[in-house]
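Take a look at the structure below.
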């Protein structure tokens, strides 16, 4: 018996050692299976980001080790992530792509291009502006706490407060990176410094009990049943949050304010990427990264000019039908936009009516898409106002993805800073873009994919994601949801905005356009309100290349659809085409093109 027990023990130890060796090999070397490698890559990035884990909510509650933590924002961590990207790219190159089936090659190519683009950007890793008027950390971190951090129990409230007390650590790490950027000559535009100072000063000027961080927690606690959290415990948690805001959050923000006050005299100009160290190369890389194409800045600019002319002709025809034949496109559209019947009042009642109008548009289109889609997301979408603290510099609308566990729906955020800036005839296209069948359809369907590596559900490619959303605007029109000429004008106005982005973004960062020149060009051609145009142009300054993705992606999807129609004739099916575009998750445009070509070949054999 002793001998048998000894051999059994040796066998168990052998198995344990073998499993340990396999685990170590999978974690640190080239995993034996490519799917294991994909899991390792995603886990390496996700497990290193508590905020991402809170957003995705993919781990069971008993594995919640992250909700009391914030991401590391230090330069050392940025370097660590860059080295991780390069290392994983080198490991991926060790696998033989030729041995993979079609779906395997799709995953391989998608991840490879993503990692390669990130690796190519290493020389420009500190060319960004982490504090900016659009989505800088000074507003993004409070928004994360309010919109993403879940509070449905006392434990989750404790985690919320723990995160508030970690603001000083994260913002000091951020400050270290800002100083490094300054030493390299990477200084934000003048207007960015000025507007960020206004935001941060306004944030700390409030009494802690009036701060959005406090009010958000109070609102979340109020939804917990009294049987689970009594009034005394609720009051104690709020007192702890008030102390954390006063003693941790505000001092951390005041450090950033002091730094930006000192930086202000050095931020004396409003220049594009060309003015940064090796700025032309940086912008060329930004174009490649955001479009997932090999387009040059000059090609982007020329494409933009051609699209502005084409869309402008369609807008002019509608404007003339409305009796407006004189003046620029922009001036005439603004004349229509200012008509009383196109405005919601800038009152609480007017804002509520506008939000209800957006919801009605989404409900209508959601019921009428059966002829174009047979894949629909299970997760719903809600309309909410943009947080008040972000209204001034936020765009007219944006989308926040829902949680994987269904605990948080997708949200279409509409900016209520001045309802009149968005005329009623422009609301439909915003709802189609941000909600249905735009971002919500694409992102929620990707989240619900099965049978693919997890990274395929979440990997971001701007040209694909924004291209789909802009295509969705056009699709809604083609399906008859914008029957009125002015609704179509609203669609064209937003398509014109995306066309002018090609001209303006490349103008700012490649052709040395000024801020005022860019604003004037967009005002002349789009008909958008000056406040919206200013926010748009200032967005381009702090995110070079991002705005190019919309039109480039839309034109590619449209071109692929028309190509498929020509090749397939009667075999073309719009539902199936949309399946092929959506059911693989976000893809580089070059990979999407190959997917559609494969589908065309397969359909021809049917």
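Read-outs: derived from the displayed coordinates by stated rules, not from any lab. Model, not experiment: these values are computed from the prediction. No Cβ is skipped: glycine too gets one built from the backbone with ideal geometry, and neighbour counts run over all protein chains shown.
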Inset, instruction - Just grab the label-to-label distance for residue 594 and residue 87, each label 7 Å out from Cα along the Cβ direction, in nm (one decimal). - result: 2.7 nm
Inset, instruction - Average the reciprocal distances over every distinct pair of alpha-carbons in the stretch 284-325, invert the result, and give the Kirkwood radius in Å. - result: 12.1 Å
Legend entry - Computed [θ] at 222 nm, helices only, for the chain once each DSSP H run of length n ≥ 4 contributes -39500 (n - 2.57): -20500 deg cm²/dmol
Legend entry - Gyration tensor (alpha-carbon) shape descriptor, the stretch 194-302, a/c threshold 1.5: oblate
Inset, instruction - Calculate how many DSSP beta bridges within the stretch 281-555 are antiparallel, expressed in % of all such bridges and rounded to the nearest 5. - result: 45 percent
Inset, instruction - Match the structure shown to one of the listed values [x] 0.97; [y] 1.02; [z] 1.07 of Cα Rg over 2.2 N^0.38 Å, computed from it, and give that label. - result: [y]
Inset, instruction - Have a look at the DSSP beta bridges in the chain and tell me what percent are antiparallel, nearest 5. - result: 45 percent
Inset, instruction - Treat each spin label as a single point 7 Å out from the Cα along the C-beta direction, and report the residue 262 to residue 79 distance in nm. - result: 2.2 nm
Inset, instruction - For the stretch 281-555, divide the Cα radius of gyration by the Kirkwood radius and give the resulting Rg/Rh value with two decimals. - result: 0.95
Inset, instruction - May I ask you to order 445-453, 394-402 by the average number of other C-beta atoms within 10 Å around their residues, highest value first? - result: 394-402, 445-453
Inset, instruction - Would you mind pulling out the separation of the Cα centroids of the stretch 225-259 and the stretch 466-482, in Å? - result: 44 Å
